[in-house]
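Below is one structure, written out as structure tokens; the observations come after it.
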Amino acid sequence: MVAEMVTYAYAHPGWGGGPGPWDGRPGWWLIFPALFWLVVLSSLAYLIYRRSPTRSARSAAERVLAERFARGEIGEEELQQRRAVLRGKP
């Protein structure tokens with residue numbers, strides 16, 4: 001029994017040399033865990049960015065500007081200028 005297992009393992013080494021879809025290379029399965037963690041960590045970083053106080057304050061200020069524009073207190077040109085200042089664009 002053990003001799004048969006050793007013969008089978010030697011004939012099919014797993015990583016290469018024998019028939020199969022791998023052709024001696026590790027294959028795509030090594031890339032998928034890295035991509036998974038890249039997506040998870042990127043999503044986490046994006047959520048942290050979205051909840052940052054600076055971002056929240058800027059969003060609140062832009063909402064106030066939009067409300068003032070909707071009520072007619074400021075014109076379109078002034079709205080664009082103030083949004084540019086909030087977004088850090090001269």
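I need Phe69, Phe32 ordered by Cβ neighbour count within 10 Å, fewest first.
Final ranking by Cβ density, sparse to dense: Phe32, Phe69.
If you take the beta carbon distance between Ala57 and Ala34 as r and set R0 to 25 Å, what does 1/(1 + (r/R0)^6) give as a FRET efficiency, to the nearest 0.05?
Result of the calculation: an efficiency of 0.10.
Pop the C-beta distance of Ala84 and Arg50 into the FRET formula with R0 = 22 Å and round what comes out to the nearest 0.05.
Calculated transfer efficiency: 0.50.
The numbers here are math on the coordinates, done by the rules we state, and not lab data. As the structure is a computational prediction, the values presented were derived from the model and not from experiment. Note: ideal-geometry Cβ built from the backbone for every residue, glycine included; neighbour counts use all protein chains shown.
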